[in-house]
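Data block below; observations after.
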Amino acid sequence: MITSPKLSLLLCALLAGTGAMAADWSSNSLGYRYAPSQSEPGVSDKVSKNIFSFTHVSGDKAGSNFFTIDLLKSDNKDPNNGGADGAQEWYGFYQRSFSLSAMTGNKTGYGFAKDLSLTARIDAGSKNTTFAPSPLKLQLGMSAAMPVSAGFWDIGLAVYKETNNNGIVGKTVTFDAAPALNTAWAIPVGGVGTFTGFASIVGPKGKDGFGEETKTETLVRANFMFDVGGPKSGLSVGLGVEYWDNKFGCDNSKSFVKNSCTATTPLLLVEYKL
């Protein structure tokens, strides 16, 4: 059984790489985004973060693979365990989708959706703060591909299960299963760029490591990425906004640091497709 988030992230990368070897198509990209005012539960000030990412997407005759990993570096308002510098965090996930259209040969769609997919996702992370979170999350569910004329827009519903570490109280926390609603999109606009983003809503998942009931968590990120040098150059820059409410299930109304579980921050983004 995998218990280390670092091993989990390695497994994600290996699964994505294995899928890529048999892929009919694939795409890799490097990204950077700057978030000047994120929240961290228990931290009184807003935190700025520099975030570097790698993303892999591929497709085969049965469906698709999606793997992404972020390196997040906080400023000193979110200190590391030693307290001298800002915290550093790794976070990534791998999602495998199995297309019903591809597996059954049905090309006519499914009612309002042009395709339905079975989805399995694993998230893992690690952060070097006193709290020392090391989340491991599993999701199993189904998603529907909306009939957009270009790009994609998917909406999914899944069962969500999480374990995490609470370094302050010194124990691993196993949360209750919860429903999760997810959507993601990337829609070209007018030949100048792409409207991209995602939203995730995770229902209450029982008590946290302090014995407090968790709340519904909402994360929304929406960006507009402008093509630099044309869509074939691979380079894009963009502006975006991120809204995170009851971060990690923290009850913002009961947090011992007021409003530390919710924030809205602008984003600056750069992406290069390899």
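Coordinate-derived values only; no laboratory data. Quick caveat: nothing in here was measured; it's all calculated off a predicted structure. Note: ideal-geometry Cβ built from the backbone for every residue, glycine included; neighbour counts use all protein chains shown.
For the chain, with only Lys/Arg (+1) and Asp/Glu (-1) charged at the beta-carbon, what is the dipole magnitude about the Cα centre, in debye rounded to 20? Mind showing how you got there, number by number?
On the way: 24 positive and 23 negative charges, 50 e Å.
Taking the Cα centre of the chain as origin, the dipole is about 240 debye.
For ASP85, list long-range residues whose amide hydrogen, built 1.01 Å from N in the peptide plane, is under 5 Å from its own amide hydrogen.
When sequence neighbours closer than 5 places are left aside, the close amide H contacts are ASN80.
On a 26 Å Cα-Cα criterion, which of the cross-link pairs LYS46/LYS232; LYS161/LYS258; LYS127/LYS232; LYS127/LYS161 come out too long?
Values: LYS46/LYS232 37 Å; LYS161/LYS258 28 Å; LYS127/LYS232 36 Å; LYS127/LYS161 20 Å.
From the list (LYS46/LYS232; LYS161/LYS258; LYS127/LYS232; LYS127/LYS161), the Cα-Cα distance tops 26 Å for LYS46/LYS232; LYS161/LYS258; LYS127/LYS232.
In deg cm²/dmol and to the nearest 500, what is the mean residue ellipticity at 222 nm of the chain if only DSSP H runs of at least 4 residues count, each as -39500 (n - 2.57), divided by the residue total? Mind dumping the intermediate values first?
Values: 2 runs with 22 residues, N = 274.
Per the formula, -2500 deg cm²/dmol.
To the nearest whole percent, what portion of all C-alpha pairs in region 5-273 is separated by more than 35 angstrom? Walk me through the intermediate numbers first.
Working: 5826 of 36046 pairs.
Distances greater than 35 Å cover 16 percent of the Cα pairs.
Based on the alpha-carbon gyration tensor of region 129-191 and its eigenvalue square roots a ≥ b ≥ c, which shape applies: rounded if a/c is under 1.5, prolate if not and a/b is larger than b/c, or oblate? All intermediate terms of the calculation are to be shown ahead of the outcome.
Details: a/c = 6.19, a/b = 2.25, b/c = 2.75.
In terms of gyration-tensor shape, oblate.
Give me a comma-separated list of calculated 3J(HN,Hα) values for region 223-239, in order, Karplus coefficients 6.51, -1.76, 1.60 applied at θ = phi - 60°, integers in Hz, x for any Gly or Pro.
Those phi angles translate into 9, 10, 9, 8, 5, 10, x, x, x, 8, 6, x, 9, 9, 10, x, 10 Hz.
Could you pull out every residue, at least 5 positions away or on a different chain, whose amide H is within less than 5 Å of the one on LYS207? Hs are placed 1.01 Å off N in the peptide plane, and Pro or chain starts have none.
HN-HN under 5 Å from LYS207: ASP176, THR214.
If you place +1 on the Cβ of every Lys and Arg, -1 on the Cβ of every Asp and Glu, and leave all else neutral, what size is the dipole of region 136-253 about its Cα centre, to the nearest 20 Debye?
Numbers: 9 positive and 11 negative charges, 49 e Å.
Once rounded to the nearest 20, the dipole reads 240 debye.
So who's got an amide H within less than 5 Å of the one on ASP251, skipping anything under 5 residues away but keeping other chains? H placed 1.01 Å off N, in plane.
So ASP251 has HN proximity to LYS215.
Pairwise over distinct Cα atoms, reciprocal of the mean inverse distance: report the Kirkwood radius of region 142-274 in Å, one decimal place.
Numbers: mean 1/r = 0.0590 Å⁻¹.
For region 142-274, inverting the mean 1/r across all distinct Cα pairs yields 17.0 Å.
Can you compute 3J(HN,Hα) from phi for each residue in region 120-126, using the Karplus curve 6.51 cos²θ - 1.76 cosθ + 1.60 with θ = phi - 60°, rounded to whole Hz and x for Gly and Pro?
Ordered by residue, 3J(HN,Hα) equals 9, 9, 10, 10, 8, x, 7 Hz.
Go through region 71-87 residue by residue and turn each phi into a ³J(HN,Hα) via Karplus (6.51, -1.76, 1.60, θ = phi - 60°); whole Hz please, and just put x for glycine and proline.
Coupling constants for region 71-87: 10, 10, 10, 7, 7, 6, 6, 10, x, 6, 4, x, x, 8, 10, x, 6 Hz.
For helix 5-21, what angle does its Cα long axis make with the longest principal axis of the chain, in degrees from 0 to 90 and rounded to 10?
Around 10 degrees separate the two axes.
Considering region 79-185, what Rg and Dmax in Å follow from its alpha-carbon atoms?
Calculated on Cα positions, Rg and Dmax stand at 18.4, 59 Å.
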